[in-house]
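Data first, discussion second: the structure below is written as structure tokens.
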Amino acid sequence: MSTELPFFDLQKQIQGEVRTDQISRWNYSSDASIYQLMPEAVIIPAVWEDVLATLTFMQQNQIPLTARGGGTSLGGQAIGHGLQLDLGKNFQKIIEINTEEAWVKVEPGVVLDHLNAALAPHGYWFGPDVAPSNRATLGGMIGNNSSGARSIVYGKTLDHVLELEVALADGTETTFCPTSPEMRRQKMQGKSLEAQIWQNLSHSLATQQTEIEARFPKIMRRVSGYNLDAFLNPDQDWNLADLVTGSEGTLALVRSAKLKISPKPAYRGLLVLYCKSLDQALESSHALLTTQPCASEVLDELLLRLTRENPAFAQKLSFMEYPAEVILLVEYQAGSERELLALLERGERQARSEIKGIEISRFCDPRVQADVWAIRKAGLPLLLSMPGKRKPVTFIEDTAVAPERLQAFIREFDKIVKAHQTEAAYYAHASVGCIHIRPLLNLQSGEDVAKMRSLSEQILDLVMHYGGAMSGEHGDGLARSEFNQKLFGSTVYSLFKSLKATWDPQNLLNPGKIVNAPPMDQNLRYGANYTPTPWQTVQRFSQQESFRAQIELCNGCGGCRKVSTGTMCPPYMVTRDERDSTRARANALRLLMLNPQLSQEDRAELRKTFALCLGCKACKAECPSKVDMAKLKLEFLDHWQKAKGVPWRSRLLSRLDWLNRLGSASAPLSNYLFKSPTVKNLLEKSLGLDSRRTFPIFSAQPLHTQWQPKRNKQTDTHGLVALFADCFTNYYHPHVGLAAASVIEALGYQISIPAPVCCGRPSLSLGLLDQAKAQARRFLDFHRVMMEAGIPLIGCEPSCILSFRDEYPDLWPEAKVLAQQSFSLQEWLLQVCSERKVLPFQAQSRSLAYHEHCHQKALVGAETSIQALNLIPGIQVDLLNTGCCGMAGTFGYEKENYELSCQIAEERLLPALRNLPETSEIVISGTSCWQQIAGLSERSPKHLAEVLAEALNPQP
């Protein structure tokens, strides 16, 4: 811990954590913006008293403080030198919901989606619906004055803040609420900081009201500067919460917020307009504003193309019924289905009359609408998945003008972009004149950094010409604060400076934001001087250009911080600790490439950052920017272990094929020994394998010795198929392999089960890449004849069979042939049944609850498994929203990870299983999932292959 400042003393005063290691500070040095500022310490308060102690420490040591929630800010608001105060981890309480008066009281770390989930049973929701709603916190939304897609109806966060409990810069605690003129006069009495704040505000409004009225843009979407325009009427109540809202943490820290909530619309519907150009989309949007939409959003060609190139999001584009360069999404909401249909009809009629020949789709199905909005909400990270060093950069993306002037404004904006020899991505809020425009630049080039500055200055002039704002919802931060003096004029800007100096006399709360900002082209995350050390990697990273390029795909959007849906990121869902997010791991690798000579303390922290990565591959599928942390982790572990040595446990478990042969050959003695408390305790002490775990049971007859081919008229009609006897199916669950074989034979194929050769999956998972590469070479050589003959290889264990598709081609280029010929059982089954129009199953009345293996889900998709099970007539299959089971191969067996493994299972999987009726059968597709469910619940799952085999038509 650093001794430059007395952080050790602060740690003794608070219940939370003070982190001063370089890794932790680096993880908090960036947000979702293009900027980076290294703090001196990270404070993670456990209780509010910790926040007050930190404010005192700030004053005593004259060290700046920046508070953050989810770290999703796009302008650099959430980063700063000095102290980083994380209010997102431990302040997530919804204090009170009052539906009679339509308000809710929350702590600042409450995530928007979690609030809306809690409000939904009451028929309410919080109107401002920002794109990162699954990780954006209410404290951050207040600091930023956020709005979202439906702001034409619900406005900005400012319109919903009723009261704020805050701590001022000197530690004073107070509550800001509507205050009458008489009460204001009373509050101005005395010399307290709060009294001085009231005095300053009253003086500013009394002397400069005309200038404020003249210089503030006359548009709804303006969040630049401080909200002095909220206090123009001296006869009305004033609420200092209106100044804190949008102040980006420069004035006070929020303890709790009382927020207005709105009735949740009963019905919503979408019109999708397929436009020939951006200009036509903007024209259409303006034409439809009279039809009372609640949202009107543009998605341009670049965003649509990158969506098509993203496997996880491409399937969500299935709603598109016509080709288009640009699409316009126009949403309506209503209290009844009849009213909604009338609005949609009116909108479509208006569009067709105004825009000749335009194609339009209408959607009322909530599932289709969810897909459409998923693409829209993932807009920025999808754009940043663009290959190459030129990316759609966030710095002038938030300009706003009056909607009726938007079309002309965008035409001139586009001319400026093209004059800089580049192009831009265009999407978002056409309804309120706030299109997010991101020019394509390479910020690792000094020339493009200069272009960024030139673009900013010219766009500022354009914005002022159109009476607009540089920020319509993303805030000033480091990107736009520099321009506030020119935008608002010297007089109003001096009022901003006076206001800041009054609230924060020592300039310690998030300095450099809104006023007194550094130049916008400084403090960049990248830049012309960004020179990371090249890494020699074992894997080729063929799809991502390089190891470095894969790391730099992480833009800091924080999508890995979601906790209620999907699978990414299992440990973060439990710990809610930034260190355990995919974003933090990408940041740590970036630091390691910039500074390979880390201290021992920092290296220990670096190891912690990667220790809890399960390698589930969820980020590969769910991160819109396609960050593949599982692959990056393998290289990190490989480098680490080459430098530090390979632990004995990893050496042993990486050769699971040897251990399984020995265990199978000595069964049932081996099974007796592994059940023995004495042996389990010995394994815990010697290898760190937790004694509370039940070890897999070895089969005395492995699959490859047990299986006998059936010879009848049907078995060799359609060709030969190879069934992969992976280490798990072969030695632990041969009955699963036999079930798969019976399904394959029922379809008329001859089966070959090659002698077991380990694919290297355990070595891969443990980061022993040279060993894994050698095992892959042996596997490819052994199966060369099969590959040359074009024989399909079918597998039951997702982590093994999908290695041929995911890891093998980056170890050996010729493995692409195997990748094309290897399939999971369910993939192959669907393909054969579709091509041959056969259905080998008899009707069954069964209720199945399916939990998907993480690798299968990430690389193939759970839908494949559901479709395969639905081939059985009469079957009812429900896909469980259960995320990761938490076992992850050997991870859940390791003593240091046992508790977390169980907590991950308890997060969603185990509660879902407990809520199932006894008549529901649990179906899985992977060994790890089977072990976790069988070990932690009272249910006994079945493999998908077993269910399919049980439903086969009787053989003659």
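Brief remarks follow.
- The residues on offer are Pro128, Pro121, Pro64, and the sole one that is modelled with pLDDT of 95 or more and touching a Leu at 6+ places or on another chain (Cβ under 6 Å) is Pro64.
- Hits in the range 379-395 - residues which are open to solvent by less than 40 Å² (accessible area, probe 1.4 Å), in a loop (DSSP other than H, G, I, E, B), farther than 18 Å from Ser471 by Cβ and not hydrophobic (A, V, I, L, M, F, W, C): Ser385, Gly388
- Qualifying residue in the range 10-24 (condition: buried (at least 23 other Cβ atoms within 10 Å of the Cβ), closer than 30 Å to Asp448 by Cα and in contact (Cβ under 8 Å) with a residue 24 or more places away in the chain): yes
- Cross-chain or 6+ apart pairs with Cβ under 6 Å, the range 411-424 first and open to solvent by 100 Å² or more (accessible area, probe 1.4 Å), then outside any helix (DSSP H, G or I): Glu423/Leu440
- Members of the range 673-703 that are assigned to a loop (DSSP other than H, G, I, E, B) and among the aromatic types (Phe, Trp, Tyr): Phe695, Phe698
- A residue that is at negative phi, assigned to a helix (DSSP H, G or I) and buried (at least 18 other Cβ atoms within 10 Å of the Cβ) occurs nowhere in the range 747-760.
- Set Ala230, Ala324: member being surrounded by fewer than 23 Cβ atoms within 10 Å (Cβ to Cβ), without any contact (Cβ under 8 Å) to a residue 60 or more places away in the chain and not in a strand (DSSP E or B): Ala324
- Of residues in the range 38-85 being of a type in the set (Val, Ile, Thr) and part of a loop (DSSP other than H, G, I, E, B), the one nearest to Arg480 (Cα to Cα): Ile79
- Residue match in the range 720-730 (condition: over 25 Å from Met887 (Cβ atoms) and open to solvent by less than 30 Å² (accessible area, probe 1.4 Å)): yes
- Qualifying residues in the range 772-793 (those that are under 35 Å from the mean Cα position of the chain (by Cα) and open to solvent by less than 20 Å² (accessible area, probe 1.4 Å)) - the one nearest to Ala630 (Cα to Cα): Ala772
- Scanning the range 86-145 for residues that are outside any strand (DSSP E or B), among the polar types (S, T, N, Q) and under 28 Å from Ile514 (Cα atoms) yields Asn90, Gln92, Ser133, Asn134, Asn144, Asn145.
- Given (1) surrounded by fewer than 17 Cβ atoms within 10 Å (Cβ to Cβ); (2) out of contact with any helix residue (DSSP H, G or I) (no Cβ under 8 Å at 6 or more places or on another chain); (3) among the β-branched types (Val, Ile, Thr), number of the condition Ile94 does not satisfy: (2)
- Remark: Leu652 matches the filter, which requires a residue to be closer than 17 Å to Leu768 by Cβ, assigned to a helix (DSSP H, G or I), at pLDDT 95 or above and aliphatic (A, V, I, L, M).
- Of everything listed in (1) of a type outside the set (Ser, Thr, Tyr); (2) out of contact with any His (no Cβ under 8 Å at 6 or more places or on another chain); (3) in contact (Cβ under 8 Å) with a residue 12 or more places away in the chain, the single unmet condition for Pro64 is (2).
- Selected residue (criterion: nearest to Pro798 (Cα to Cα)) from residues of the range 609-647 that are hydrophobic (A, V, I, L, M, F, W, C) and not in a helix (DSSP H, G or I): Cys616
- Screening the range 591-603 for residues that are without any contact (Cβ under 8 Å) to a residue 60 or more places away in the chain and either assigned by the TED database to the domain that holds Asn27 or not in a loop (DSSP other than H, G, I, E, B) (or both) and picking the one that is least open to solvent (accessible area, probe 1.4 Å) gives Leu592.
- Answer from Leu138, Leu119, Leu115 - the residue that is crowded, with 23+ Cβ neighbours inside 10 Å, farther than 17 Å from Val244 by Cβ, in contact with a Phe, Trp or Tyr (Cβ under 9 Å, 6 or more places away or on another chain) and not assigned by the TED database to the domain that holds His286: Leu115
- Out of Leu769, Leu802, Leu764, sole residue that is farther than 17 Å from Arg540 by Cα and open to solvent by less than 10 Å² (accessible area, probe 1.4 Å): Leu802
- Verdict on Thr919 being among the hydroxyl-bearing types (Ser, Thr, Tyr), open to solvent by 30 Å² or more (accessible area, probe 1.4 Å) and either closer than 23 Å to Lys675 by Cβ or not assigned by the TED database to the domain that holds Cys569 (or both): yes
- Residues being of a type in the set (Gly, Ala, Ser) and either under 28 Å from Phe319 (Cα atoms) or without any contact (Cβ under 8 Å) to a residue 12 or more places away in the chain (or both) are represented in the range 364-374 by at least one member.
- Highlighted here are the helices (runs of 4 or more DSSP H) found entirely within the range 876-956 that include at least 2 residues which are touching a Cys at 6+ places or on another chain (Cβ under 7 Å): 927-936.
- Selection within the range 522-534: residues that are over 22 Å from Ser581 (Cβ atoms) and in contact with an Asp or Glu (Cβ under 9 Å, 6 or more places away or on another chain). The member of this set that is surrounded by the fewest Cβ atoms within 10 Å (Cβ to Cβ) is Ala528.
- Ala257 of a type in the set (Gly, Ala, Ser), part of a helix (DSSP H, G or I), under 30 Å from Glu173 (Cβ atoms) and in contact (Cβ under 8 Å) with a residue 24 or more places away in the chain: no
- In the range 866-879, the residues that are open to solvent by less than 30 Å² (accessible area, probe 1.4 Å) and under 27 Å from the mean Cα position of the chain (by Cα): Ile866
Conditions tested, residue by residue: (1) polar (S, T, N, Q); (2) part of a strand (DSSP E or B); (3) open to solvent by 20 Å² or more (accessible area, probe 1.4 Å).
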site	(1), (2), (3)
Tyr332	no, yes, no
Leu340	no, no, no
Arg349	no, no, yes
Trp373	no, no, yes
Glu397	no, no, no
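- Here Ser318 fits the description: free of Cβ contacts under 8 Å to residues at least 60 places away in the same chain, of a type in the set (Ser, Thr, Tyr) and within 27 Å of Val860 (Cα to Cα).
- Condition met for Ser498 (free of Cβ contacts under 8 Å to residues at least 24 places away in the same chain and part of a helix (DSSP H, G or I)): no
- Contact annotation: residue pairs with Cβ atoms under 8 Å, 6 or more positions apart or on different chains, pairing a residue in the range 838-859 that is of a type in the set (D, E, K, R) with a partner that is open to solvent by 40 Å² or more (accessible area, probe 1.4 Å), are Arg846/Gly874; Arg846/Gln876; Arg846/Glu921; Glu852/Leu879.
The values are calculated or read from the model by the stated rules, or taken from the named source; none is laboratory data. If you're wondering where the values come from, they're calculated on a predicted model, not measured in any experiment. Note: ideal-geometry Cβ built from the backbone for every residue, glycine included; neighbour counts use all protein chains shown. Ligands, DNA and RNA are stripped out before the accessible areas are found, and what is left, the full protein with its side chains, is counted by its heavy atoms. Shrake-Rupley method; radii C 1.70, N 1.55, O 1.52, S 1.80 Å.
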